[in-house]
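Report on the structure given below.
The values are calculated or read from the model by the stated rules, or taken from the named source; none is laboratory data. Fair warning: this is a prediction, and the values are worked out from it, not measured in the lab. No Cβ is skipped: glycine too gets one built from the backbone with ideal geometry, and neighbour counts run over all protein chains shown. All accessible areas refer to the heavy atoms of the entire protein, side chains included, with ligands and DNA or RNA removed. Shrake-Rupley method; radii C 1.70, N 1.55, O 1.52, S 1.80 Å.
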Amino acid sequence: MTESEIPKEYNANEVEEKWMEKWDLSMYHFNWGEDTRPQYIIDTPPPYPTGNFHIGNALNWCYIDFVARYKRMRGYNVMFPEGWDCHGLPTEVKVEEIHGITKNQVPRAEFRRMCRELTEGNIDKMRKTMLRLGFSVDWSNEFVTMEPSYFVKTQKSFVRMYNDGHIYHEEHPVNWCPRCETAIAFAEVEYDAGQTKLNFVHFDKVDIATTRPELMAACVAVAVNPKDERYSRYIGQTITVPIFGQNVVLIADEAVEPEFGTGAVMICTFGDKQDVRWWLKYGLPLVKAIDKQGKMAKAAGKYEGMSITECREAVISDLKTVGFVYNQTPLEQNVGLCWRCDTPIEILSEPQWFVKINPEGILKAADEINWYPEYMKVRLQNWTGTMEWDWCISRQRIFATPIPIWYCKQCGEVMISEESWLPIDPNEAAPKKACICGSTEFEPETDVLDTWMDSSITALHVTGWESEHELRLPAQIRPQGHDIIRTWAFYTILRSLALEGKRPWDSIMVNGMVLGTDGHKMSKSLGNVISPEEVTSQYSADAFRQWGAVGGSTGSDVMFRWKDVVSASRFLQKMWSIYRFSMSHLKDFGPEDAEKFPLDSLFTIDRWLLSKLNRLVETATKEFDGYQFDSTFKAIRGFSWEVLADNYLELVKGRLYGDKPEGKKAAQYVLYRTMKTLSLLLAPFIPFFAEELYSRFSNESVHTQAWPTIDESLISEEAEAAGELIKEITSEVRRYKSDLGMALNAPLKKIEIYSANIDTGDIAGATNSEVELMEGAPSFEYVPIEVKPNMGLIGPLFRKDAGAVVKALQAENPAALEAQATSGKITVTVNGQQIELESEAVEIRKEVISGGREVDVLEVSGTVVVIVR
Ligand SMILES: [Zn+2]
Ligand SMILES: [Zn+2]
């Protein structure tokens, strides 16, 4: 025990900064070479380096850190790696903004360099926040997806999956963001309700209803339902599209809803996913009316060059001029938007790279994984069940992992990189061999890979895939948000199966989103964004982390509430006061005293506390194992505050300040053991605070200690019941004193407790009175001493005479009146008249006499407590 004084106020910032300086972070390193301890590898989400580690990240990392620290203490060889998912459009856009350029104004390599530079700076900023929040990251296993050391693995995985037939190149309709000018995957399309107009247009034989008149140039067929009698005679005939004049066939298909619009619809390439289905089913021609920038293409004739909206208006106005539009009605419609920029997506047919999807394999693997919470699995199953297209993995961007492919200029053959050439950028290096046709002239693939191709191999990467270490797949846990189940979780399972034939992880823990204090999603425009730094600078990292623990259960959305942070700070101060008090009584009690302390000299209340403490360890362990951080932390907090501080400490103060060595030693032993155990239980949640507590017990870090074990021999229902009785008797006596207006430390003549199997020293100490345990049952005599008239009854009955009735009642002898009341009726004389009253009209106060003394009697959980007045 160090001698240094413990300040009264807990200075969180000072303590937290001190430990940030002192900690040797290598204590969190994973040991690759070891196989004595079981491994616990975490497939940490690599955040996008925006430079801003936001509160949603911070909540997720709190969860990860709780688990990492807990598992280390439970004896696992834990890896809590940190990755950075660098590639992607937001960085490209930011670079264009900062340098005032567009990506095509500088050479590709130069543009990539600018992106890298921005990313490095952003990673530095986010790393600082993570350190400040006390996350026990294993920095020896950091990975950065833009570094060749990582993207060589992305490329290797591409090459292997291509060679194994999982990847193919094809022209196929894909979701396209005209603003990002790139293909995107279906998982990246977000649907939002929007208002549009349904236009009713005369065609030569039928009328059609359409929301996309600008696509009339790309109309390749008209479809009706085969059961729709209005149109059956035209099926198979040719129809002319107004304005554009092309002739298209009228086909019958069950998927057309006769009740919608006119019951006849245009099939365009492509208005929506249904168009694609029909286009494939009927082998229809392809007309490209919209180009990659979202402008009308050559096929749109005189509308070429217009934006989609301009063209829509122009076409409608032209149709109106010739009287072809005969009605327009508003329509609610779900619009597909690019998840990065919210621009409405188009479906364009372009040559792209695709990964084949194997839904059965993914569903089977999902079943082998433990989902926390369980219901999140349904989201993955639903998504997997709706997959119609393969995963489009090529993007028409620059800052991303290059696709290691060239095309032969001579014969067009695809040349894929050999693994030994990787990492490689085909735009900067040529293949190291000739084409099968003999030519050495190649065209590089300029498309790059979807960033999910980088991040979907994190589970492989962190378990040592393609490294000097043995592969340790599956990882033990994947923590992630529910918003990326259909992307990150789905793709990771897919890739792990394709590359290693195994599930990526044993468990997945899905966290919710953080909502602002107003209950809305945090956004700059709503002005409800709160940064982790704001919380740590006003309060502390430990207060923030507690909010993370108790803000909500795993998986649910969590609202940010300042009051949670404030009460978290209050708990730190309360805990500090408990600790400070305990330490002040442990100056002459050290580890050796604890070691040789004889347990049979514990008092009842000591056994009660130790039994509760061991039950707490039991609960905390069970809840932690189920990733229930809120209930784990609440159990620890409840024990510390209510059991320890409010009751135990109050009860043993007498012994601690007293001069009897046995009683004092027992209380010291309990305090020593409890405070040490609490610092261990708190360590995963509030690492700074726990370290500060523990530093006075040991020279080692609390974060290298074992999680407390449950001492079954100390769990006893009997001890708990006896302790509970002591606690209750004490608090009843206190309530008794306060009812009488006595000071809490005022001594009573004597307290007698009948037939209880407890020791009384602590009750005596806490009540400052003599306490005696009595055998058998007490005998009482009740002596009536005062008549208390019941005004509520007498008042309304006698009105102006009530005063006189009361006076008369009070004048009676209490014992005589009591005798009357027992018989059921009371008779008194008021103003010379006899009045009869119900026995309820009076209350007779009695004095209790026991053994000739005036006493008060309390009954506490069936035990009689006699207080001599
Ligand atoms: Zn976009
Ligand atoms: Zn060739």
Computed ³J(HN,Hα) along segment 692-706: with the Karplus parameters 6.51/-1.76/1.60, θ = phi - 60°, integer Hz and x for glycine or proline, the list is 4, 4, 5, 4, 8, 9, 7, 8, 8, 6, 4, 7, 10, 8, 7
For the chain, size of Cβ-based charge dipole, Lys and Arg +1, Asp and Glu -1, in debye: 1180 debye
I184 long-range amide H proximity, modeled H, under 5 Å: N175, W176, C177
If you keep only loop residues by DSSP, which GluC sites (Glu not before Pro) in segment 307-385 have at most 12 other Cβ atoms within 10 Å of their Cβ? E374
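Relative contact order for segment 761-820: what is it in percent, counting Cα pairs under 8 Å that are at least 6 residues apart?
Numbers: 25 pairs, mean separation 19.6, N = 60.
Dividing the mean separation by the residue count of segment 761-820 yields 33 percent.
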Helix 273-282: inclination vs the chain longest Cα principal axis, degrees, rounded to 10, gives 40 degrees
For L131 and N358, calculate 0.36 nm times their separation in residues minus their Cα-Cα distance, and state this gained length in nm to one decimal. 77.7 nm
q = 0.12, 0.19 Å⁻¹, segment 114-224: log10 I(q)/I(0) [Debye, one scatterer per Cα]: -0.82, -1.24
Everything considered on the Cα gyration tensor (a ≥ b ≥ c; rounded for a/c under 1.5, else prolate if a/b is larger than b/c, else oblate), segment 255-315 must be described as oblate
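Under a Cβ-Cβ cut-off of 11 Å, what is the net charge of the residues other than P684 that fall near it, where Lys and Arg count +1 and Asp and Glu count -1?
Neighbourhood net charge equals +4.
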Dipole magnitude of segment 307-417 about its Cα centre, charges +1 at Lys/Arg Cβ and -1 at Asp/Glu Cβ only, in debye to the nearest 20? 280 debye
Determine the shape class of segment 756-795: with a ≥ b ≥ c the square roots of the Cα gyration tensor eigenvalues, call it rounded for a/c under 1.5, and otherwise prolate if a/b is greater than b/c, oblate otherwise. prolate
For the chain, what is the percent of antiparallel DSSP beta bridges, rounded to the nearest 5? 75 percent
For the Cα atoms of the chain, what angle does the longest principal axis make with the long axis of helix 148-163, in degrees from 0 to 90, nearest 10? 60 degrees
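Compute the relative contact order of segment 115-272 as a whole-number percentage, counting only Cα pairs closer than 8 Å that sit 6 or more residues apart in sequence.
Normalised by residue count, the contact order of segment 115-272 is 18 percent.
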Using θ = phi - 60° and the Karplus relation 6.51 cos²θ - 1.76 cosθ + 1.60, list the HN-Hα couplings for segment 760-768 in order, rounded to whole Hz, with x at every Gly or Pro. 10, x, 6, 5, 4, x, 6, 9, 6
Pull out a ≥ b ≥ c, the square roots of the eigenvalues of the alpha-carbon gyration tensor of segment 306-424, then state rounded if a/c is under 1.5, prolate if not and a/b is larger than b/c, and oblate in the remaining case. oblate
Can you give me the long-range amide H partners of V864? Hydrogens built in the peptide plane at 1.01 Å from N, cutoff under 5 Å, separation of 5 or more residues or another chain. Y754
Anything over 27 Å Cα to Cα? Flag those among K622/K664; K22/K596; K205/K227, in the order listed. K622/K664; K22/K596
Tally Lys and Arg at +1 and Asp and Glu at -1 over the other residues with C-beta under 12 Å from the C-beta of D291: what net charge comes out? 0
Less than 14 Å Cβ to Cβ from V224, Lys/Arg counted +1 and Asp/Glu -1: what total charge do the surrounding residues give? -3
Just to check I understand the Karplus step: with θ = phi - 60° and J = 6.51 cos²θ - 1.76 cosθ + 1.60, what whole-Hz values come out for segment 293-303, glycine and proline as x? 8, x, 9, 5, 8, 4, 4, 7, x, 5, 8
Do the sum for the chain: with -39,500 (n - 2.57) for every DSSP H run of n ≥ 4, divided by all residues, what is the mean residue ellipticity at 222 nm, to the nearest 500 deg cm²/dmol? -11500 deg cm²/dmol
Search the structure for amide H atoms under 5 Å from the amide H of V220, placed 1.01 Å from N in the peptide plane, and list their residues when 5 or more places away or on another chain. I267, C268, T269
Mean Cα-pair separation over length for the chain, i.e. relative contact order, pairs under 8 Å, 6 or more apart, %: 12 percent
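Using only C-alpha positions, report the orientation-averaged shadow area of the convex hull of segment 769-869, nm², one decimal.
For the Cα atoms of segment 769-869, the hull's average projected area reads 8.6 nm².
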Using the per-residue mean of other Cβ atoms lying within 10 Å as a proxy for protection, in what order, highest first, do the peptides 562-572, 32-42, 679-689 fall? 679-689, 562-572, 32-42
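Among the GluC sites (Glu not before Pro) within segment 762-803, which fall in a DSSP loop and have no more than 12 other Cβ atoms within 10 Å of their own Cβ? The partial results should precede the final answer.
Numbers: sites: E770, E772, E775, E781, E786; in loops: E770, E775.
Passing both the DSSP loop test and the Cβ count: E775.
What order do you get for 175-183, 637-645, 335-343 when each peptide is scored by the mean count of other beta carbon atoms within 10 Å, highest first?
Peptide ranking by packing, descending: 175-183, 637-645, 335-343.
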Please list, by residue number, every one of the chymotrypsin sites (Phe, Trp or Tyr not before Pro) in segment 388-454 that is coil in DSSP and has at most 15 other beta-carbon atoms within 10 Å. W389
Note down the nm distance, to one decimal, between modelled labels 7 Å out along Cα→Cβ at T709 and at D856. 4.9 nm
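Can you check what the Kirkwood hydrodynamic radius comes to for segment 628-763, Cα pairs only, in Å to one decimal? Before the final figure, lay out the partial values.
Details: mean 1/r = 0.0576 Å⁻¹.
Mean inverse Cα-Cα distance, inverted, gives 17.4 Å.
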Of F685, Q668, A217, which is farthest on the positive side of the dipole of the chain, counting Cα position, with +1 on Lys and Arg Cβ, -1 on Asp and Glu Cβ, and the Cα centre as origin? A217
Dipole-positive endmost among G626, S569, M583 within segment 564-634 (Cβ charges, Cα centre): S569
Highest first, please rank the peptides 662-672, 64-74, 857-867, 112-122 by the mean number of other Cβ atoms sitting within 10 Å of their residues. 64-74, 662-672, 112-122, 857-867
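At a 1.4 Å probe, what is the % contribution of carbon and sulfur to the accessible area of segment 786-848?
48 percent
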Kirkwood Rh in Å, taken over all unlike Cα pairs in segment 214-347: 15.9 Å
